[in-house]
Amino acid sequence: MTREEKANIIEELSEKFNQNDHFYITDASGLTVEQINAFRRLCFHAGVEYGVYKNTLIRKALEKNGSGDEDLFKVLHGFSGVIFSKEAGNAPAKVIRDYRKGAEGKPLLKAASIDSALFFGEENLNILSELKSKNELIGEIISLLQSPAKNVVSALLSGKNTLAGLVKTLEERAN
């Protein structure tokens, strides 16, 4: 690979780190090309992007963005792939978890950055997959805010039949 090609990859990676608020660094060593392609397809269907890059190129792209952290650089060894997600911080974790149902234990989570919060190690995968996205949280808040109004409307609507029945009964008694 020439210096120009490396510079292009670093620039491309740097743009991806800038454009995506969430990224995961994984270790997919030991997977065959077929298995990696199956994982990429799963990522594509989930709306996330997966790419395999050299560790030095990942490090230089992170340094260029200023988003590099010394602890993050420590996980850049071996076979590294990066999953980028624009929308949901939990989407890559869910993809990894879903893929593992068919392939034992791979890919492994090395690190994750969600809105500049860093998570390291495999033990955080379940926590990350259960995180709620921003849209899910907004939806929950809206439904909580709508709940009292729905209860009032529901009570009024159910009460009209009762009220009408009472008036009719009183009217019949009066006759």
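Separation of region 1-74 from region 117-152 is 27 Å, based on Cα centroids.
From helices alone, the chain scores -19000 deg cm²/dmol at 222 nm; the rule is -39500 (n - 2.57) for each run of n ≥ 4 DSSP H residues, then divide by the residue total. The loop-placed trypsin sites (Lys or Arg not before Pro) in region 1-89, going by DSSP, that have at most 16 neighbouring Cβ atoms within 10 Å of their Cβ come out as Lys54, Lys86. Backbone phi angles across region 113-119, fed through the Karplus curve with coefficients 6.51, -1.76 and 1.60 (θ = phi - 60°), yield HN-Hα couplings of 10, 10, 6, 6, 8, 9, 10 Hz in residue order; Gly and Pro are listed as x.
Listed values for region 130-146 are Karplus-derived 3J(HN,Hα) couplings in whole Hz (6.51 cos²θ - 1.76 cosθ + 1.60, θ = phi - 60°), namely 8, 4, 9, 6, 4, 5, 5, 5, 4, x, 5, 5, 4, 5, 5, 6, 7, and x replaces Gly and Pro.
Site pair Arg173 and Ala7 shows an inter-label distance of 9.4 nm when each label is modelled 7 Å from Cα along Cα→Cβ.
For the pair Asp115 and Phe44, the difference between a 0.36 nm per residue extended length and the Cα-Cα distance amounts to 23.4 nm. One chain, two ends: Glu140 and Lys101. Fully extended at 0.36 nm per residue, the span grows by 11.1 nm beyond their Cα-Cα distance. Residues Leu144, Leu62, ranked from the fewest to the most other C-beta atoms within 10 Å, line up as Leu144, Leu62. When the alpha carbon coordinates of the chain are projected onto the principal axes, the ranges are 100, 35, 26 Å, largest first. In degrees between 0 and 90, to the nearest 10, how far off the longest principal axis of the chain does helix 33-46 point, with axes built from Cα atoms? Approximately 30 degrees, to the nearest 10. The lysines whose alpha-carbon is closer than 30 Å to the alpha-carbon of Lys86, local same-chain residues fewer than 8 away aside, are Lys6, Lys16, Lys54, Lys60, Lys64, Lys74, Lys94, Lys101, Lys106, Lys110, Lys132, Lys134. Taking other C-beta atoms within 10 angstrom as a stand-in for reagent exposure, Val75, Val33, Val82 fall in the order Val33, Val75, Val82, fewest first. Note the angle between two axes, namely the Cα long axis of helix 55-65 and the longest principal axis of the Cα atoms of the chain, as a number of degrees from 0 to 90, rounded to the nearest 10. Helix 55-65 and the main axis of the chain meet at about 60 degrees. Taking each residue as 0.36 nm, the span from Ser133 to Val33 lengthens on full extension beyond its C-alpha to C-alpha distance by 32.9 nm.
Panel order for Leu76, Leu13, by other beta carbons found within 10 Å of each beta carbon, from fewest to most: Leu76, Leu13.
Bear in mind these aren't lab numbers, they're just calculated from the coordinates by the rules spelled out. Values in this document were obtained by computation on a predicted structure and should not be read as measured data. Here Cβ is always computed from backbone atoms with ideal geometry, including for glycine, and neighbour counts include all displayed protein chains.
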